[in-house]
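I have placed the structure first, in the form of structure tokens, so that the comments after it can refer back to it.
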Amino acid sequence: MIRYEDFGAHEVGGRIRFSVFIPGADHYLPGRGGEAHIASIEAYGTFQQHLTGQSWDVANAVSLHPAPFEGGTLYTATTVTVPDDFYEYKYRVSFEGGAVEPRIVTDPCARYGVGEHENSGVVVGGSRPRDNIVTPLTQRLPPADLVIYELFLEDFTKEYRGSRSPVQAVFEKLDRIAGLGFNAVEFMPWTAWVGGGFNWGYLPYQYYSVEHAYVADPDDLREQLSALKHLISACHERGLHVLMDAVFNHVEIDPVQQRGFPYHWLWRDPADSPFTGQYEQGGYGEELDFHNRCTEEYVVGTCGYWIDTFGIDGLRLDYTKGYYSGAAEHGLPKVIAGVRRHLAETGDAERRDEFPIIIEHLAGWDAIDVANSVDATGCWIDDGFWRTKDYLRSGLEPSIMRWLDSGSHFQSGRLPVMYIGNHDHETPTHVAGGRDAWHRLQPYFIALYTSYGMPLLYQTEDGGQDEWMPEDDRFTQVKRVSPRPKRWDLTEDGLGRWTGELLTRLARMRREHPVLRRPGMYPGSWPWDRRIPYDNGYGIDAGRRTVIYHRWGNDAAGRFHRYVIALNFGSVSQRLSVPFPDGGTWTDILGGREAAPGTAHRLEQDVDGHWGYVFHRMD
């Protein structure tokens, strides 16, 4: 495979080497691409101050020389020695025939995307290699053990970072995240996006570049990527796995200003670019065309770069409906296979098997079938949010039993990411009715932490932050992609402290009881129209808004554990006849009290409104 990570601009002994690869016809299918018709590529930028005495001297740009390379053409040039510094540059591309004006294009494999002008960047000098290596995790946990904190660098640090970059500022809050019991941080996209202004990062244009706004340190621009490496090292030192949110369905282009994803604009007629074009269910932006080998190699190379250079511990693949056609020979299955192959070739078996690759294949339970078929570790399960929203507004329904039976239909070793809120929706607190009604969420959190899968919480949830956003903003003045800074004062008031305490307690319970992290749930396959428990007492009582279910399994030492979870989603206390699979003494691991079922293996138990019990016994 072509190693796109080898291209771009790099320092070579104090000089800058530029390289741009243009795939040839054997890299794309007939009708899915065409010739680029490039006459010349020239590099110009701030580095020219030391060559011609003038920065951005387009009249004296450095010409890149073409040569055949791996079925395509590689354009290269190397400058003379330049002083240690951070340099910005772009390419001036001229095309055959003269009908198209020369086009200014950024570098598709640049390591730095710089600001609203979308310049590319290259470092000469900077940290020594031994200072620039990511500290690995002391212990890599299997995916089923992860509890994930979803973090958006801009909003997370907005209130307190001052003049620091978001990556610098987030350091001081890592201890809090770990202290709440999270052992993984899923960072929303950090790859560079087009232009300045506010952005979630889901319209990338440079896949090898970290977003300039996240890492730029005006004291030393050479250390931008080092800053991200230091952050990942700091996460690892606290036992926090780093999951990267990667967007491979679509890219940003601006057809008016002819800017954005460089591999779209490096073709005389952008419609001939084999990297872009309609593939499957396009979401927004310009789609990547996964029919073509060059697109697959470029994307897999991107993943390998972040894995090898930055030591990330997993991938969340955004909107995979956009590049899954059901065919195994291209698209999502080939990307995952490529990443798995890269892990096997560069790491050990544990790294390959325990590196989570999670797909966001919205919406519905069909995502499970896709996760099984493409060798993903698992998938986001969006039903947790939608059903929670329904139940809070209209009452409990039998469909909650399917959500609680979270391991159903997954192949062995695959699992869901479970949540009741994420960055894409209004916060659970808002759905519940505001902070005064936050207590209504408590049984949902207990259910989340006692379910098979990887629990995920967005950064606003540990303070009970109330934020609304429209699901469709075409008819609203409020846009979905808008600033919603994390309110740090809310984490310190009464509700914020209780929220943190409860999450910490639930995470500790899950950590100390590994069986809760494994499949095994009764009653499964619940009838969709049954609204009352079975005669044995297990199941949903929709009228009383209660659910009782049983979980079980062996721990690593072979000891058999049983759990009976009784949840009250209603506002008033309910006296439940809680069934147990056997007698003896059970312990409520949330409250610490012991309970002894009677001769019929039943316990008459009052369960407060919006609360629950997790009874445990080990044989």
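Which members of region 200-229 meet the condition of being modelled with pLDDT of 90 or more and surrounded by fewer than 19 Cβ atoms within 10 Å (Cβ to Cβ)?
The answer is Trp200, and nothing else.
Of the numbered conditions (1) free of Cβ contacts under 8 Å to residues at least 12 places away in the same chain; (2) crowded, with 16+ Cβ neighbours inside 10 Å; (3) part of a strand (DSSP E or B), Ala67 satisfies every one except a single condition; which is it?
It is condition (2) that Ala67 fails.
Output the number of the condition that Pro274 fails; it satisfies all remaining conditions of (1) under 23 Å from the mean Cα position of the chain (by Cα); (2) buried (at least 23 other Cβ atoms within 10 Å of the Cβ); (3) not polar (S, T, N, Q).
The number of the failed condition is (1).
Being touching a residue at least 24 places away in the same chain (Cβ under 8 Å), of a type in the set (Asp, Glu) and not in a helix (DSSP H, G or I) is the filter here, so list the residues in region 358-414 that pass it.
Glu360, Asp375, Glu397, Asp405
Take Asp405 and tell me if it is in contact with a Gly (Cβ under 9 Å, 6 or more places away or on another chain), closer than 27 Å to Thr377 by Cα and surrounded by fewer than 22 Cβ atoms within 10 Å (Cβ to Cβ).
Against the criterion (in contact with a Gly (Cβ under 9 Å, 6 or more places away or on another chain), closer than 27 Å to Thr377 by Cα and surrounded by fewer than 22 Cβ atoms within 10 Å (Cβ to Cβ)), Asp405 qualifies.
Across region 277-291, which residue is surrounded by the fewest Cβ atoms within 10 Å (Cβ to Cβ) among those that are on the phi < 0 side of the Ramachandran plot and over 23 Å from the mean Cα position of the chain (by Cα)?
Gln278
Just one of (1) free of Cβ contacts under 8 Å to residues at least 40 places away in the same chain; (2) exposed (fewer than 14 other Cβ atoms within 10 Å of the Cβ) trips up His550, so point out which.
It is condition (2) that His550 fails.
Within region 449-479, track down each residue that is surrounded by fewer than 17 Cβ atoms within 10 Å (Cβ to Cβ) and either within 21 Å of Gly162 (Cβ to Cβ) or in contact (Cβ under 8 Å) with a residue 24 or more places away in the chain (or both).
Trp468, Glu471
Just one of (1) touching a Gly at 6+ places or on another chain (Cβ under 9 Å); (2) farther than 19 Å from Met454 by Cα; (3) not in a loop (DSSP other than H, G, I, E, B) trips up Thr309, so point out which.
(1)
Kindly indicate whether any position in region 82-90 is within 29 Å of Arg510 (Cβ to Cβ), at pLDDT below 95 and either of a type outside the set (Val, Ile, Thr) or not in a loop (DSSP other than H, G, I, E, B) (or both).
no
Given region 183-298, what strands (runs of 3 or more DSSP E) lie entirely inside it while holding 2 or more residues that are in contact with a Pro (Cβ under 9 Å, 6 or more places away or on another chain) and of a type in the set (Ser, Thr, Tyr)?
It comes to 204-211.
So how many residues does region 523-566 have that are of a type outside the set (Ser, Thr, Tyr), over 19 Å from Tyr391 (Cα atoms), part of a loop (DSSP other than H, G, I, E, B) and in contact with a strand residue (DSSP E or B) (Cβ under 7 Å, 6 or more places away or on another chain)?
5
I'd like to check something: does region 131-148 contain any residue that is without any contact (Cβ under 8 Å) to a residue 12 or more places away in the chain and farther than 22 Å from His65 by Cα?
no
The values are calculated or read from the model by the stated rules, or taken from the named source; none is laboratory data. Since this is a predicted model, take the numbers as computed values, not measurements. FYI the Cβ positions are ideal-geometry reconstructions off the backbone, even for glycines, and counts take in every protein chain you see.
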